[in-house]
C-alpha cells in the first residue's frame, strides 16, 4: 500500500462517504475534500468537513499510519496547525497539535470496498516493465487519446524550460536560442553536448556577421570542437585552421574548448564533421532562420527550409585527409523529423506562449504527419498492444514512460485511474 493510493481515494471519494466516523465515533461529512496541491505542507488545502455538529474549514493530512504524524515531525511544524482531519489507513496512535489539542482521525480502510483494493493490488502487481503492461491495451480509445494529448503538452512544457533558460542567457535573442537548440540536436546523443558548448561559446552576433562565407562558419565550428587542433597536409584543413585563428583574433574571443567529439559507432553520414558542415550550410543559407521557421505549419514547408547539404569539400570526404566516393550529403527527411520533434515544435510552443498565441492544433498536425520515433521504449509499448501511428503519439508515450511509469505515478495517470475503476 502506498500513500499516493490514499490520496487518490480521498481526492475522488472512492470510498463509502455516507457512514463515516472518526476513531472517537464522531460522524464525518465531507463537504469539500480540499485542493490537492502536492506542495510542502498538508496534502489537501482548504477542505470543508463537518465533524459531529461542528463545521470545519482547513487542511487534511493523509498517512498510511497515524503514527507517521510524529515520524515526519508534523507536531513541530507550524504548517500543520490548521489540519482539521487526519486520514489514515491504520490507526496506531492518538495525534495532537502543537497546542496539545487532539486531531480527529478517520481510518479510511474501513470504508474502501474490497473490489477497489483488489484493483489496486492488480495494478501494482509484479511487472517486467510497467505496472499496467497486461492491461494498458484494454483502455478505451477515448480515455487514452485524451490522455495522450495532455501528455504531449506536458512534455512540451518540460522542454520549454530549457528554452526559457537559454533566452535568459542570450538576452532574449530567439535566433541565438534556435542556434543553440539546433546545434545540440545536430550533434545527436553522442555529440550533442559538445555542439551545444560550441553554440554557447560563440556569440551569435559573430555567427550573423560570418554567415556570408560558409568556410568561416566551418572554421569556427571545426575549430571550437577541436577538429583543427592537429597538423595535416590537407589544403582545406589548413585553410580552415588559418581562418579559425584569424576569426578568434578578429572578434577578440579566446580559443574555445568543448568535450571531445565522438566518431565511434556512428554511420559516416552522422559523423560530426558532416553534421557541423551541414549546420554551417544552414546558417550560410538562412541569415534569419528563426523568423522563417517560427510560423511554419506543415512538415513539407519545414523540409523546404531545411533543405541543405554539407559543403563541397565534404562531398568527397568524411574526415580530413581521407578521400571517399563523391556524394551529396544533404539532410535526410528522417533527420529533419528529429529536428522538428526536438527543436522546432518545442520552440514554436515556447514562443507562442510568450506572445499568448494558441497553436496547439498546428503542432499536433505537424507531428501527425511524421513517422513515430524508433526506439526501445516505443517498441516495448508496441509489444504490449500500444502502437504509435505518428510522432505525436510516440512523444506522448515517451512522456508517459519517463514521468509516470518510471516514477510509479499510477495514481496520477489516466490509465492507472481508469484501471482502478474498471478492473
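The values are calculated or read from the model by the stated rules, or taken from the named source; none is laboratory data. In this text the structure is predicted, and so the values were computed from the model without any measurement. Note that each Cβ is placed from the backbone with ideal geometry, even for glycine, and that neighbours are counted across all protein chains shown.
Numbers for the structure displayed
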| read-out | value |
| --- | --- |
| Residue list for the range 304-316, restricted to those being in a helix (DSSP H, G or I) and either over 17 Å from residue 332 (Cα atoms) or touching a strand residue (DSSP E or B) at 6+ places or on another chain (Cβ under 7 Å) (or both) | 312, 313 |
| Unmet requirement for residue 129, which otherwise passes all of (1) within 25 Å of residue 403 (Cβ to Cβ); (2) buried (at least 17 other Cβ atoms within 10 Å of the Cβ) | (2) |
| Odd one out for residue 168, checked against (1) farther than 27 Å from residue 352 by Cα; (2) surrounded by fewer than 17 Cβ atoms within 10 Å (Cβ to Cβ) | (1) |
| Some residue of the range 317-335 being part of a helix (DSSP H, G or I), assigned by TED's automatic domain parsing to the domain that holds residue 189, touching a residue at least 40 places away in the same chain (Cβ under 8 Å) and crowded, with 16+ Cβ neighbours inside 10 Å | no |
| The lone exception for residue 295 - which of (1) in a loop (DSSP other than H, G, I, E, B); (2) under 14 Å from residue 339 (Cβ atoms) it fails | (2) |
| Some residue of the range 361-374 being farther than 21 Å from residue 304 by Cα and more than 18 Å from the chain's Cα centre (by Cα) | yes |
| Options 166, 182; residue that is assigned to a helix (DSSP H, G or I), touching a residue at least 40 places away in the same chain (Cβ under 8 Å) and closer than 30 Å to residue 279 by Cα | 182 |
| Selection from the range 10-20 of residues that are more than 28 Å from the chain's Cα centre (by Cα) and in a helix (DSSP H, G or I) | 10 |
| Residues being touching a strand residue (DSSP E or B) at 6+ places or on another chain (Cβ under 7 Å) and assigned to a helix (DSSP H, G or I) - total across the range 80-113 | 3 |
| Residue match in the range 57-66 (condition: farther than 27 Å from residue 410 by Cβ, surrounded by fewer than 16 Cβ atoms within 10 Å (Cβ to Cβ) and in contact with a strand residue (DSSP E or B) (Cβ under 6 Å, 6 or more places away or on another chain)) | yes |
